[in-house]
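These notes concern the structure reproduced below.
The values are calculated or read from the model by the stated rules, or taken from the named source; none is laboratory data. Note that this is a predicted model, so its numbers are computed, not measured. Virtual Cβ from ideal backbone geometry, glycine too; neighbours counted across all protein chains shown. For accessibility, only protein heavy atoms count, side chains too; no ligands or nucleic acids. Shrake-Rupley method; radii C 1.70, N 1.55, O 1.52, S 1.80 Å.
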Amino acid sequence: MSTVKTIGSEAETVSLIGAKIKSLFAAGCKRILFINPPQVAEQDFDQDIARLGFYYAFPPYGPGVLVRTLENHGYTADIVDLNYEVLLSAQSPHFHYRIWQKFLDKKVIEFKPDLVCISVMFSMTHDCMLETAKYVRETYPAVVVMAGGVHPTGCPEVILEITHSIDFVMRYESDNSLVSFCDYVNGASGSEDLSQLATLHEGRYIEIVKRDRPNEDRLSIAPDYKALPIGEYSGYGRIGSYSWLFDSATHRSSSIISNRGCRARCTFCSVENFNFRGVRGRSIQSVIDELQTLRDVYGINHVMWLDDDLFYDTERTISLFQEMTRHELGITWDATNGIIASAATAEIIHAAAQSGCRGLNIGIESGNPEILKSVLKPSAVKHFRRLAEMLKGYPQIFSKGLLMIGFPGETMGQIWDTINLAREILLDWYPIQIVAFFANTSMTNSLLQQGMLSEDKIVDARFFNGTAGGQKQREREEKQISKFIPDILQRDGAYVPTPEELKDIWFLADWLVNYERILPEYDPVKLEMKKAILTNICERMSVNNPLSTMFLGIVENRLNQKNQALERFKRAKVLVGESEFWRIRFDALKLNDLLEEQAALAAQ
Ligand code: B12
Ligand code: SF4
């Protein structure tokens, strides 16, 4: 792979890229079409999961903002959301995955774009991006193709070098750069205004590295979704991680952003590299206006904040929540992205609760002070304890602590600190991830430099949890033959587990922080909450999981729903019998005895 970013001087690079742009757009560039590609690749896509509404169905927020921005500058823009079309079509028994091509064709033929912009946020969507670009190139060879968003920003060279279907990668937030690009094509500005743009010249990678970051005025622009049926989205997939808290018949969810960027610079996160240092906020009025539009135009009654640092600037945060309350919006909200615990004050949490907060994810990552320090986490253990204490006063807010294991060099003792902290502060649930190495983070860059990681490992990096993640894959693959090290957590405190061992540690940690602690729980309010999240796991996230099925039965029995509980116990027994993966884990943790005991209790 080439490493040079320029050929000759910087001016020569700009001139080469400028000439390439002019040669590709013979008739100018007035019509720009954004594509949100399917988010799950064909080989991973499971129609049953789609029909349960478990895949993400986020409105394409970034493309929506760019559509409005371009139209404000005299261009014509539109969006086709192939992810939504696939999820919607998956409801039909005659579904076939490549139906997205039909929707794309229809849009391209009607709209006649000069430029197609493929928007890609996640590295997991790498293959979908390539497939979409390839189809556009083969079917409409005259159309210029550009990719942008977080993922292409992280690995533009790799992308341009492995496909001939993408002409340009535009990096970072593109609110300014894309307008300059179109202006340049149409002769409305000079090549000196081009920025954040990468391409290949005679097979070699070249890039205009100059950045043009949008300022606060630009950020107050709300997305224009054109004809997309935003109000229908949450009927076909998830928006955030709290949809299970609401009645699906009336729940209509969308997303919104209040700040861009984050004050912190955690080494495993690419936000600082992507959004640059610091936080830029929108005007509070523009946020309120957008919420009102979501409610009045699309019937939205719940939003997920897209912010990385929602509680940035205590005074502004409180004002934002107070304004939301004052406008009686009738909209609840969640912070699936996670908030910074050290930024939470009693006043913020109170204003949040008043303004409709129902779900709060807290970025804990580790319970070990050295790990927190080494990854530059902006919160310490004392902040997690303090926030957990504050949240006790707001039982209507479901709190999740986001945990990570498998940091480079992390020892068993340090992993135990995370498990112990989670069991001490007792937030409502703890999603756990094995550290993944995404492009453009300082942790990944440092491992690449040390030769401890190769670039091909990060291009389509994915987490070990989630619908298409490694845990689900492992359950599927190990139905006949499975391996498990039940005493792995008893290894010496200084021992650094291998990547393979981390998978069993993940399983045991999940058992300890999420399931075992339900056994002493008899408070009906807490049991109702556990019932809601376990139902979501059993019916949508992990349908053949006997552990969550058994615990749902335990909770139901304590809520006096004995018949339901007995059915769950019966189903859990069948599921264990069907899978070696689960059989050896139930044996090792003596869960068969627990299952028998609980079934007997429910039968009394
Ligand atoms: C909101 C969000 C989510 C939401 C999803 C939002 C959605 N789909 O709309 C949720 C909570 C579901 C989520 C989940 C996850 N997320 Co997230 N998420 C974000 C976050 C905080 C903000 C994104 C956002 O909406 N920004 C606001 C809009 C306006 O910006 P934008 O869409 O990027 O668009 C701008 C530019 O990208 C560009 N642009 C966009 N499209 C195009 C196209 C073209 C052609 C051009 C030129 C420009 C362009 O211009 C736009 C305007 O400036 C980012 C961090 C960040 N700062 O980017 C992380 C981030 C994207 N997430 C990340 C991660 C790791 C995850 C998870 C894996 C976390 C987890 N533990 O499970 C999951 C994965 C989900 C999955 N696919 O399975 C990483 C991505 C790493 C990677 N390379 O994949 C990020 C970068 C944060 C980080 N930790 O580093 N996430
Ligand atoms: S606090 Fe969250 S968004 Fe901010 S740098 Fe750390 S992980 Fe990224």
### Task
Compute the length gained on full extension between Phe276 and Leu594: take 0.36 nm times their separation in residues and subtract their Cα-Cα distance, giving the result in nm to one decimal.
109.3 nm
### Query
What trypsin sites (Lys or Arg not before Pro) in region 495-601 are in a loop by DSSP, with at most 15 other Cβ atoms within 10 Å of the Cβ?
Lys590
### Message
Could you compute the longest span of the chain free of GluC sites (Glu not before Pro) located in DSSP loops and having at most 12 other Cβ atoms within 10 Å, not counting the site residues?
### Response
329-604
#### Entry: Residue (of Ile364, Gln564, Tyr312) at the positive-pole extreme of the chain, dipole from beta-carbon charges
Gln564
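Could you give the size of the charge dipole of the chain about its Cα centre, using +1 on the Cβ of each K and R and -1 on the Cβ of each D and E, expressed in debye and rounded to the nearest 20?
With Lys and Arg at +1 and Asp and Glu at -1, about 560 debye.
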#### Entry: Charge dipole (debye, nearest 20) of region 366-457; +1 at Cβ of Lys and Arg, -1 at Cβ of Asp and Glu
360 debye
## Note on the structure
Percent antiparallel among DSSP beta bridges confined to region 10-208, nearest 5, equals 30 percent
### Estimated [θ] at 222 nm from DSSP helical runs (n ≥ 4, -39500 (n - 2.57)) normalised by residues in the chain, nearest 500
-12500 deg cm²/dmol
### Query
Taking the Cα centre of region 10-208 as origin and charging only Cβ (+1 Lys, Arg; -1 Asp, Glu), how large is the dipole, in debye to the nearest 20?
560 debye
### Cross-link partners of Lys562 among aspartates and glutamates (Cα-Cα below 16 Å; sequence separation of 8 or more within a chain)
Glu528, Glu596, Glu597
### Task
Only loop residues by DSSP count here, and only those with at most 15 other Cβ atoms within 10 Å; note down the trypsin sites (Lys or Arg not before Pro) in region 83-151 that meet that.
Arg98
### Query
When DSSP assigns beta bridges and you keep just the ones with both residues in the chain, what percent turn out antiparallel, to the nearest 5?
20 percent
### Query
Which of the aspartates and glutamates could be linked to Lys107 by a straight reach, that is with a Cα gap under 20 Å, when you skip same-chain ones fewer than 8 residues away?
Glu71, Asp78, Asp81, Glu85, Glu131, Glu138, Asp224, Glu232
### Task
Would you calculate the separation in nanometres between label points at Asn215 and Ala26, each defined as 7 Å from the Cα along the Cα-to-beta-carbon direction?
4.1 nm
### Query
In degrees between 0 and 90, to the nearest 10, how far off the longest principal axis of the chain does helix 10-24 point, with axes built from Cα atoms?
90 degrees
### Message
Could you work out how much longer the chain between Thr325 and Trp416 gets when fully extended? Use 0.36 nm per residue separation minus the Cα distance between them, nm to one decimal.
### Response
28.7 nm
### Query
Could you name the lysines in cross-link range of Lys472, using Cα to Cα under 23 Å and dropping any fewer than eight places away on the same chain?
Lys400, Lys457, Lys483, Lys503, Lys530, Lys531, Lys570, Lys573, Lys590
### Free-standing Cys residues across the chain, given no other cysteine C-beta under 4.7 angstrom
Cys29, Cys117, Cys128, Cys155, Cys182, Cys262, Cys357, Cys538
### Query
With all protein chains present, how much of the accessible area of the chain (probe radius 1.4 Å) comes from carbon and sulfur, to the nearest whole percent?
52 percent
### Karplus-derived HN-Hα couplings along region 136-147 (A = 6.51, B = -1.76, C = 1.60, θ = phi - 60°), whole Hz, x at Gly and Pro
4, 4, 6, 8, 10, x, 7, 7, 7, 10, 10, 10
### Message
Between helix 499-510 and the chain, what is the angle of the helix's C-alpha long axis to the longest principal axis, kept within 0 to 90° and rounded to the nearest 10?
### Response
60 degrees
## Note on the structure
If each K or R counts +1 and each D or E counts -1, the residues other than Pro63 whose Cβ falls under 14 Å of its Cβ total -3
